[in-house]
Each structure stands twice: as structure tokens, then as C-alpha cells.
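Read through the structure below, which is laid out as C-alpha cells, and then see the notes.
The values are calculated or read from the model by the stated rules, or taken from the named source; none is laboratory data. Since the structure is predicted, the reported quantities are computational estimates derived from the model, not experimental observations. Backbone-built Cβ (ideal geometry, glycine too); neighbour counts: all protein chains shown.
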Amino acid sequence: MFIDLDWKSKYFNEENTIIKKVFLRYHLPLYLYIVFIFALSSIPSRSLPEIETKLPIDKIVHFFEYGIFGILLFRLLSRKKSILESTIIVIFISASLGAIDESYQTFTNRSTDVKDWIVDWTGATIGVIVFILLSKARSFKGIRNFIN
């Protein structure tokens, strides 16, 4: 029987601690948010409240929902890739996730809408652009901690 007496160095070394911090700070929020998006999409249409308004509440929700997704994905990608590369990947992945999300909604008796899909990746793109602009502004102090 082999007993690993050096287990502490394997699991508690500096490299693993850094990997765990990166996962908790960049990966986990993104993964949990994707679960949140699909949890919202799983709500049957009959369970959603009907709100009488002239504003397109559905489109506004999609825009901000995917704006946050775009920011979380951009934070992860921009650690290793350029701003332009990261932005292009965010647009592609948010368009893909939006299409999957819209297709998934048919299984919950909700309608799919191409306009929702367009608003999804537009929201992600604008979210990233606003995030980049805010992170460049030196007067906006809280954003630096969120990026790093």
C-alpha cells in the first residue's frame, strides 16, 4: 500500500492556490451566470407575469442579461488574449449561446424570437465596449479591482 506523505505540497502549493483563485474569480462567476441564464429560460411562459407597458421589457432584459454575460466572458478571455481578440470571441460565443438559449426556450413552451437573439449578442458587445471604456477611465476606481 502506497501512502503519499507529501500530499500537502501537492494540494497546497503556491501554483495550485493561484489556479484556485483564478478559477474562483474568473471562471466560476461565468459558469454560474450561464446556469442562471438557462434557469431563467426554463421558466414556462405561463409562469411569467404579464406587464402592460409600451417598453419592450423582454428586449431590455435580454440586453442586460447578455451584457453581463459579455463582461464576465471578456474578463476571463482578456487575461490571455488581446482586447480585439477577446471582443471578437465574446461576440461569437454570445451569438452562439443566444441561439442555443432561444432554441432551448421552445422546450419550455416559450416562443423563440430572432430579435431576442440579435439583442443578446448586441447586449454582450455593448457591455464589453462599456466595460473597456470604464476600465480605461482612471477616475472610475472600482472597476480596476473587478478586472484584476
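The residue that is nearest to F63 (Cα to Cα), counting only those in segment 102-131 that are more than 13 Å from the chain's Cα centre (by Cα) and charged (D, E, K, R), is D116. Among the numbered conditions (1) surrounded by 14 or more Cβ atoms within 10 Å (Cβ to Cβ); (2) under 11 Å from the mean Cα position of the chain (by Cα), the only one that S86 does not meet is (2). Is there a residue in segment 67-81 that is exposed (fewer than 12 other Cβ atoms within 10 Å of the Cβ), in contact (Cβ under 8 Å) with a residue 60 or more places away in the chain and not in a helix (DSSP H, G or I)? No, segment 67-81 contains no residue that is exposed (fewer than 12 other Cβ atoms within 10 Å of the Cβ), in contact (Cβ under 8 Å) with a residue 60 or more places away in the chain and not in a helix (DSSP H, G or I).
Being under 15 Å from S41 (Cβ atoms) and either at pLDDT 90 or above or not hydroxyl-bearing (S, T, Y) (or both) is the requirement here; does F131 meet it?
Numbers: under 15 Å from S41 (Cβ atoms): no; either at pLDDT 90 or above or not hydroxyl-bearing (S, T, Y) (or both): yes.
Considered against the rule, which asks whether it is under 15 Å from S41 (Cβ atoms) and either at pLDDT 90 or above or not hydroxyl-bearing (S, T, Y) (or both), F131 comes out as no.
Looking across segment 15-48, the residues that are in a loop (DSSP other than H, G, I, E, B) and either more than 21 Å from Y104 (Cβ to Cβ) or modelled with pLDDT of 80 or more (or both) come down to S42, I43. Residues in segment 95-112 that are in contact (Cβ under 8 Å) with a residue 40 or more places away in the chain and surrounded by 13 or more Cβ atoms within 10 Å (Cβ to Cβ): L97, D101, Y104, Q105, T108, R110. Here F64, F36, F92, F23 are screened, and the one residue that is in contact (Cβ under 8 Å) with a residue 40 or more places away in the chain and within 21 Å of V128 (Cα to Cα) is F64.
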